Amino acid sequence: MSLAPTPERPPTPSPAIPKADAKAASAAGGGAPQPFRHIVAVTSGKGGVGKTFVAANLAAALARTGKRVLVLDADLGLANLDVVLNLYPKITLHDVFTGRHTLADAILPAPGGFSVLLAGSGMVEYSRMTGEVREKLQALVAEVAPRFDQVLFDTGAGISDVVLYTVSLAGEVLVVATPEPTSLTDAYATIKVLANTQGRRRIHLLVNQVRRQGEGRGVRNQLQQVVDRYVNPALDVPVRLELLGEVPVDTAVREAVQRRQLLLEAMPGTAAALALVNAAVKMPA
Ligand SMILES: Nc1ncnc2c1ncn2[C@@H]1O[C@H](COP(=O)(O)OP(=O)(O)OP(=O)(O)O)[C@@H](O)[C@H]1O
Ligand SMILES: [Mg+2]
């Protein structure tokens with residue numbers, strides 16, 4: 001499939017934030033303080049492409065190398081990291097936000113040797129990013145980040161202000177996409193908005209559910225071509241997509257998710273698990 005748009009059809013269903021919305025854009029990212037470099041936001045254009053699976057298993061792979069790793073369930077409204085990890089948190093981000101519990105109480109050990117901060121299901125009221133939630137989340141991130149060597153945010157999909165704000169708190173972004181045309185156009189929309197509203201010039205890409213070796217490189221090149229053509233001409237410094245890796249479509253993934261286990265623990269020798277171990281080596285730190 002070609003991402004190149006026909007003259008009648010724009011390259012993405014969601015155009016870059018227009019100038020009139022600059023205030024909203026800055027609220028979604030521009031106004032935030034300098035983000036920590038060792039925080040990587042795992043995000044995507046389209047939902048269901050494998051962000052939570054990737055974040056949890058990358059964290060396990062990184063933890064094996066001796067790093068202190070934290071995964072923050074930053075998909076505040078629709079959190080499901082707890083489900084994937086089979087955890088039943090008694091204390092969540094909500095309790096920290098309301099002052100009922102300390103941050104230290106809410107940081108839990110996960111099966112893969114890393115730590116998690118879970119949103120739980122009581123976070124529905126945070127599906128809209130108010131000024132108060134922004135401040136609380138920012139303060140929490142500033143407090144927790146120095147305690148870990150690597151922090152991963154498992155964010156929601158798309159370009160809502162909640163997603164863009166959580167991404168803005170991270171020093172690096174990892175976009176997860178599958179080779180499907182719908183995932184590619186949505187990944188492009190995400191990349192374009194991150195470049196235009198957050199000044200991102202280096203964006204990492206993980207291509208999940210590839211069906212043949214090398215497909216990830218092809219997807220990266222295709223996306224880079226569209227970015228070069230439609231985003232980069234207006235920028236002084238061009239956006240560059242860095243391929244972190246490709247993960248094959250693997251029935252073992254579904255099985256591990258069904259069993260609510262980490263793939264790296266349940267089936268470490270599978271193709272998808274090995275691909276994630278390789279990707280972890282290249283993680284920006
Ligand atoms: N490499 C893979 N091979 C096979 N199936 C996969 C692979 N990666 C993900 N999946 C399937 O896709 C499902 C969705 O994955 P996941 O929940 O991680 O997506 P997500 O991007 O976090 O979704 P959301 O946008 O809803 O948060 C998994 O439960 C799994 O069944
Ligand atoms: Mg998810």
Among residues of the range 43-79 being of a type in the set (S, T, N, Q) and either away from ligand 2 (no atom under 13 Å from the Cβ) or outside any helix (DSSP H, G or I) (or both), the residue surrounded by the most Cβ atoms within 10 Å (Cβ to Cβ) is Thr43
Does any residue of the range 22-29 turn out to be under 25 Å from Ser115 (Cβ atoms), more than 16 Å from ligand 1 (Cβ to nearest atom) and either at pLDDT below 95 or not charged (D, E, K, R) (or both)?
no
Those residues of the range 270-285 which are surrounded by fewer than 19 Cβ atoms within 10 Å (Cβ to Cβ) and not β-branched (Val, Ile, Thr) amount to Ala271, Leu274, Asn278, Lys282, Pro284, Ala285
Among Thr197, Thr251, the single one that is crowded, with 22+ Cβ neighbours inside 10 Å, of a type in the set (Val, Ile, Thr) and modelled with pLDDT of 95 or more is Thr197
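Condition check ((1) away from ligand 2 (no atom under 16 Å from the Cβ); (2) assigned to a helix (DSSP H, G or I); (3) at pLDDT 95 or above) across all residues:
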residue: Val175; (1), (2), (3): no, no, yes
residue: Pro179; (1), (2), (3): yes, no, yes
residue: Thr185; (1), (2), (3): yes, yes, yes
residue: Ala189; (1), (2), (3): yes, yes, yes
residue: His204; (1), (2), (3): yes, no, yes
Within the range 136-161, of all residues that are hydrophobic (A, V, I, L, M, F, W, C) and under 16 Å from Thr52 (Cβ atoms), the one surrounded by the most Cβ atoms within 10 Å (Cβ to Cβ) is Leu152
Among the residues of the range 151-165, the number that are over 20 Å from Asp82 (Cβ atoms) and either in contact with a strand residue (DSSP E or B) (Cβ under 6 Å, 6 or more places away or on another chain) or within 16 Å of ligand 1 (Cβ to nearest atom) (or both) is 4
The helices (runs of 4 or more DSSP H) lying wholly within the range 213-281 that contain at least 3 residues that are more than 26 Å from Ala60 (Cβ to Cβ) are 215-230
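The values are calculated or read from the model by the stated rules, or taken from the named source; none is laboratory data. It should be emphasised that the depicted structure is a prediction, and the values quoted were computed from it without experimental measurement. When we count neighbours, we look across all protein chains shown, and the Cβ atoms used for this are built from the backbone with ideal geometry, even at glycine.
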